[in-house]
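Colleague: Sending over a structure as structure tokens; questions will come in a sec.
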Amino acid sequence: MIVLSKSSTGLFVVIEGIDGCGKTTISKRIVEKLDNMGYKTIYTFEPYTSPFSEALKRYIEEYGEAEVEIEILSMALDRFFHVRRVIEPFLNQGYIVICDRYVYSSIAYQGAKNGDIKWIKTVNRYAIKPDIAIYLRVPLEVALERLKYKQSSWSYFEKLDRLRRALEIYEELVLRGELIAVDAVADIDSVAMKCFKLIIDRIVRQK
Ligand code: TYD
């Protein structure tokens, strides 16, 4: 097993994008490739399965659409739990952590519902900065086509207007240099390869 050389700090990689962009498939493909090269790698995701994301699910079941503030705070609590109990411990053991969605999802999705982005950043202040944050860029039509075949326990967030606005916010984050865009319309293998190269370049630079 290869543990990254910068002693006791791994590499934190985030994969973002609107529903249907292929994040989960691509993330798992990347993990496989890194694993095969001998890197200690783990796949994780948000919303994580914490008591807080479970509470949000229950809230939605009982009350229907949640207020955006409830969404923001629930996601932030879930993320705090995830960062402290999963992401940081693995990074401290020298793992490459591939995280499917992170704080950028709160900015894009809760921002799409007019959530206050400054406040989202404030309540997520503890969310450690990733080494690489990739945005899988697909046009809305492609994402919608792919979504037809996906089962999600969170389909609540996948309303068309919201996805359209989330996509715009993601593009703003790319323009501001907070996310690196990777064209994700092509086949899975070539998209995964592009992401993989970004990660390997970063590992090489870190050595
Ligand atoms: P998704 O990655 O699609 O999970 P699954 O594959 O289990 O369906 O994420 C579920 C939804 O959660 C997605 O539509 C975006 C939404 N979301 C937010 O609105 N804010 C957040 O902070 C996060 C992490 C996700």
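Colleague: Does residue 192 qualify as being over 21 Å from residue 78 (Cα atoms), out of contact with any Leu (no Cβ under 8 Å at 6 or more places or on another chain) and buried (at least 20 other Cβ atoms within 10 Å of the Cβ)?
Modeller: yes
Colleague: From 168, 145, grab the single residue that is over 26 Å from residue 75 (Cα atoms), assigned to a helix (DSSP H, G or I) and of a type outside the set (A, V, I, L, M, F, W, C).
Modeller: Going through 168, 145 in turn, the sole match is 145.
Colleague: What number goes with the only condition from (1) within 15 Å of the ligand (Cβ to nearest atom); (2) exposed (fewer than 14 other Cβ atoms within 10 Å of the Cβ) that residue 135 does not pass?
Modeller: Here residue 135 clears every test but (2).
Colleague: Given (1) aromatic (Phe, Trp, Tyr); (2) assigned to a helix (DSSP H, G or I); (3) more than 9 Å from the ligand (Cβ to nearest atom), where does residue 109 come up short, assuming only one miss?
Modeller: It fails just one condition, (3).
Colleague: On to the next question. If a residue must be assigned to a helix (DSSP H, G or I) and either of a type in the set (Gly, Ala, Ser) or away from the ligand (no atom under 12 Å from the Cβ) (or both), how many such residues does the range 148-159 contain?
Modeller: So the count comes out to 1.
Colleague: Could we say that residue 90 is without any contact (Cβ under 8 Å) to a residue 40 or more places away in the chain and either surrounded by fewer than 15 Cβ atoms within 10 Å (Cβ to Cβ) or more than 15 Å from the chain's Cα centre (by Cα) (or both) here?
Modeller: It is false that residue 90 is without any contact (Cβ under 8 Å) to a residue 40 or more places away in the chain and either surrounded by fewer than 15 Cβ atoms within 10 Å (Cβ to Cβ) or more than 15 Å from the chain's Cα centre (by Cα) (or both).
Colleague: Looking at 181, 133, 192, 127, which one is closer than 30 Å to residue 37 by Cα and part of a loop (DSSP other than H, G, I, E, B)?
Modeller: Going through 181, 133, 192, 127 in turn, the sole match is 127.
Colleague: May I ask you to verify whether residue 101 is under 16 Å from residue 154 (Cα atoms) and within 13 Å of the chain's Cα centre (by Cα)?
Modeller: yes
Colleague: Taking residue 44, is it part of a loop (DSSP other than H, G, I, E, B) and either within 14 Å of the ligand (Cβ to nearest atom) or surrounded by fewer than 22 Cβ atoms within 10 Å (Cβ to Cβ) (or both)?
Modeller: Criteria not met by residue 44.
Colleague: List pairs: first in the range 32-48 and closer than 13 Å to residue 192 by Cβ and modelled with pLDDT under 95, second within 16 Å of the ligand (Cβ to nearest atom) and among the hydroxyl-bearing types (Ser, Thr, Tyr), Cβ under 6 Å, 6+ apart or cross-chain?
Modeller: From residues that are closer than 13 Å to residue 192 by Cβ and modelled with pLDDT under 95, there are no pairs.
Colleague: Here is a list: 34, 56. Which entry is within 13 Å of the ligand (Cβ to nearest atom), in a helix (DSSP H, G or I) and over 14 Å from the mean Cα position of the chain (by Cα)?
Modeller: 56
Colleague: Looking only at the range 162-172, decide whether some residue is of a type in the set (Ser, Thr, Tyr), within 16 Å of the ligand (Cβ to nearest atom), under 18 Å from the mean Cα position of the chain (by Cα) and surrounded by fewer than 12 Cβ atoms within 10 Å (Cβ to Cβ).
Modeller: Looking for residues that are of a type in the set (Ser, Thr, Tyr), within 16 Å of the ligand (Cβ to nearest atom), under 18 Å from the mean Cα position of the chain (by Cα) and surrounded by fewer than 12 Cβ atoms within 10 Å (Cβ to Cβ), one finds none in the range 162-172, hence no.
Colleague: Further, regarding this structure: Exactly one condition in (1) farther than 30 Å from residue 67 by Cα; (2) at pLDDT 95 or above; (3) not in a helix (DSSP H, G or I) is false for residue 186; which is it?
Modeller: (2)
Colleague: What tally of residues in the range 65-87 results from selecting those that are surrounded by 22 or more Cβ atoms within 10 Å (Cβ to Cβ) and at pLDDT below 95?
Modeller: Number of matching residues: 0.
The values are calculated or read from the model by the stated rules, or taken from the named source; none is laboratory data. No experiment lies behind these values; they were computed from the predicted model shown. A quick note on method: Cβ atoms are made from the backbone with ideal geometry, for glycine too, and the neighbour counts reach across all protein chains shown.
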